[in-house]
Structures are given as structure tokens and as C-alpha cells.
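Colleague: Let me begin by handing over the structure; questions about it come next.
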């Protein structure tokens, strides 16, 4: 980080920029050369004006955000933020782009944990560039996220901070008992994933605070896992997600349900049952429905989806 107290002189690019992908006035947008029908509703297809700052260091990002106050947001891949800006559901005044901060792509393997930089992309995880804290799970989860072009741009830290309960990583990170390392003007701190999501689409970050890395504990070679999500197409949000971790050598067992209207939840009673008595075979669908029927906000029509996801995750972890 440079010694200056503000952004570098060339950080603010040529005044204000328009959002991404707006089309010529008076012409309908085109998709693969074919004109699209004009929308019947008054939908904004262009973002509001904003200032754009590209930083090279995490400390520089924190410094800029501290000056911006609530007007600034972080761009960490943009696969959630940019669509929201196009619809003007998000209207930031200043965007701080972390794309050139190489320190946030550092991956470190330690004896009992793996540290993954916040700007590591889904594609990097899918391609096996991250040492496995538990064999096979991270690439499997990453591979199921939307399409490859989204995985090439979307990041682990960006998805974790967006806090969409229907996204893959919040559920998977809770199952893996992740810790998020952050940086703010007050310094560095570590936030357990169990304390990171006070509610849906909300995280525990303070003003001018960013996630720099995600730390995952290493599992033993005997650890088992299962992960399953119910979704109509790969590009749509999940209707239900279930993740299961069982590691008898470490005394760890965790069953997590995601895709709810709330942040993902640990099924504590079921997790304890599995820790003491791992299932010897497939747990029936009706049994899974009974296990989760007490959760608030699950209508009958949705209960089957969550029970099905849980059934498949348990089957993946323990069958065979």
C-alpha cells in the first residue's frame, strides 16, 4: 500500500461512466444478432452513473471505502452486483474494483487448514487450483455454479459477501466451518461463518471492511461429504440445497440446509445423530421430511424439495 491517504490520482477514471452493456438510443437490444422484443414493462436496462476506482492493494481498497462511506461498494467479480445495477436495484456512487489485487488471489496450504484468497474464482476452484480441505467437495460445488463464463468471473469472496441464501458457497462454507479473514481501518479480524450472516443478503462486515481470505479446516482422509441442490436450470437460483460433512477422526459432523428465505441453517440434532451413529445406508425421503418439518417458513410444497436435497446429500455421503 502506498503512503497516501487517498486514492491514486488516476484512480477515478475520466469522470463518470455509464453501466455495462447499454444499447443505442432508439434501438431495441439484440441477442446473437436477433432483435429482442421491447419489454412491456418500464424496466431500466442501464445502470445509474457512478465513479470507478481500480485499486492494486487491499489496504488501498479499505482506504477508498473509508472515504466513500456508505456510497461505495466493492466489485469482486460482479456476477451479482452488475445485474442488480442494470435493474437499478443497486445504485452505488463509487465502485471499488478488486480485480487487480493479486494478494487476494493467494492460496496457502497449512498443516491443518487451507487459506483461499477472496478473489479466487469459481473456475480456479473447479479446476483444482485450490488444495483440497476435503477431497473432491470444492470442485464439485464450483462446477455446479451457473455457466463457465460466470465461473471465470465470479469469486468465492464475492459470493460469500453477497449473502444470497440460494447461492452455493454460503451453504458449503457453513458445512465446512469456514472462517472469514477481513481487513478494515481498524485492522484484521477473523469472523466464524456461523456469525457472518445475521439475515439473508446481509453480512457482518463493518464500514470499509472487506474479506481478504477464507480459511477452511482440513478434514481427515476418512471424511465423507455430500452436496445436492434442487434447481430447474443451472443459471437459476437453487430451490433447495443440502450439504453434509462427516469426519469421525476429528469428531466433526455437520448437516446444513440452504436455499431458504433465511441464511443457511445447521440441523443440529441431525448433525449430532450422525456424529454418534452414522447412517449405514440411505435415509428415506419420508424420514428426511420429518427431520426438517419443524423448520419455520417451509410450506408443504417446498418441504419436499428440501427433503429431496437432504436425502440425496446423505446418500452421497454415506451410501456405498
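The values are calculated or read from the model by the stated rules, or taken from the named source; none is laboratory data. Nothing here was measured: the structure is a model prediction, and the numbers come from that model. Every residue, glycine among them, receives a Cβ derived from its backbone with ideal geometry; neighbour counts consider all protein chains shown.
Colleague: Based on what the data block shows, is residue 104 surrounded by 21 or more Cβ atoms within 10 Å (Cβ to Cβ), touching a helix residue (DSSP H, G or I) at 6+ places or on another chain (Cβ under 8 Å) and either over 15 Å from residue 79 (Cα atoms) or without any contact (Cβ under 8 Å) to a residue 60 or more places away in the chain (or both)? Outline the logic, then answer.
Modeller: Numbers: surrounded by 21 or more Cβ atoms within 10 Å (Cβ to Cβ): yes; touching a helix residue (DSSP H, G or I) at 6+ places or on another chain (Cβ under 8 Å): yes; either over 15 Å from residue 79 (Cα atoms) or without any contact (Cβ under 8 Å) to a residue 60 or more places away in the chain (or both): yes.
It is true that residue 104 is surrounded by 21 or more Cβ atoms within 10 Å (Cβ to Cβ), touching a helix residue (DSSP H, G or I) at 6+ places or on another chain (Cβ under 8 Å) and either over 15 Å from residue 79 (Cα atoms) or without any contact (Cβ under 8 Å) to a residue 60 or more places away in the chain (or both).
Colleague: Ok, one more. Select from segment 286-308 the residues that are exposed (fewer than 14 other Cβ atoms within 10 Å of the Cβ) and part of a helix (DSSP H, G or I) and write down the one among them that is modelled with the lowest pLDDT. Full working, then the answer.
Modeller: To start, the set of residues in segment 286-308 that are exposed (fewer than 14 other Cβ atoms within 10 Å of the Cβ) comprises 286, 290, 293-294, 296-297, 299-301.
From what's left, part of a helix (DSSP H, G or I): 286, 290, 300-301.
On the way: 286: 86, 290: 86, 300: 64, 301: 61.
Here the answer is 301.
Colleague: Among the candidates 95, 82, single out the residue that is at pLDDT 90 or above and not assigned by TED's automatic domain parsing to the domain that holds residue 209.
Modeller: Testing whether each residue is at pLDDT 90 or above and not assigned by TED's automatic domain parsing to the domain that holds residue 209 leaves just 95.
Colleague: Among what's in segment 219-250 and is in contact (Cβ under 8 Å) with a residue 40 or more places away in the chain and within 19 Å of residue 80 (Cβ to Cβ), pick the residue that is surrounded by the fewest Cβ atoms within 10 Å (Cβ to Cβ).
Modeller: 235
Colleague: Report, by residue number, each residue of segment 168-190 that is farther than 19 Å from residue 112 by Cβ, out of contact with any helix residue (DSSP H, G or I) (no Cβ under 7 Å at 6 or more places or on another chain) and crowded, with 18+ Cβ neighbours inside 10 Å.
Modeller: Within segment 168-190, 171, 182 meet the criteria.
Colleague: Can you tell me how many residues within segment 213-266 are within 18 Å of residue 170 (Cβ to Cβ) and in a strand (DSSP E or B)?
Modeller: Of the residues in that region, 24 qualify.
Colleague: Name the single residue that is nearest to residue 225 (Cα to Cα) among those in segment 176-188 being assigned to a loop (DSSP other than H, G, I, E, B) and in contact (Cβ under 8 Å) with a residue 24 or more places away in the chain.
Modeller: Step by step, filter segment 176-188, then rank; the result is 176.
Colleague: Is it true that residue 112 is without any contact (Cβ under 8 Å) to a residue 60 or more places away in the chain, touching a strand residue (DSSP E or B) at 6+ places or on another chain (Cβ under 7 Å) and surrounded by fewer than 20 Cβ atoms within 10 Å (Cβ to Cβ)?
Modeller: Considered against the rule, which asks whether it is without any contact (Cβ under 8 Å) to a residue 60 or more places away in the chain, touching a strand residue (DSSP E or B) at 6+ places or on another chain (Cβ under 7 Å) and surrounded by fewer than 20 Cβ atoms within 10 Å (Cβ to Cβ), residue 112 comes out as no.
Colleague: Being under 12 Å from residue 78 (Cβ atoms) and part of a helix (DSSP H, G or I) is the filter; apply it to segment 150-175 and report the residue that is nearest to the chain's Cα centre (by Cα). Write out each step before concluding.
Modeller: The first filter runs over segment 150-175 and keeps only residues under 12 Å from residue 78 (Cβ atoms), leaving 150, 152-155, 158-159, 162.
Okay, now just the ones that are also part of a helix (DSSP H, G or I), so 150, 152-153, 158-159, 162.
Working: 150: 13, 152: 14, 153: 13, 158: 6, 159: 3, 162: 6 Å.
Only one residue fits best here, namely 159.
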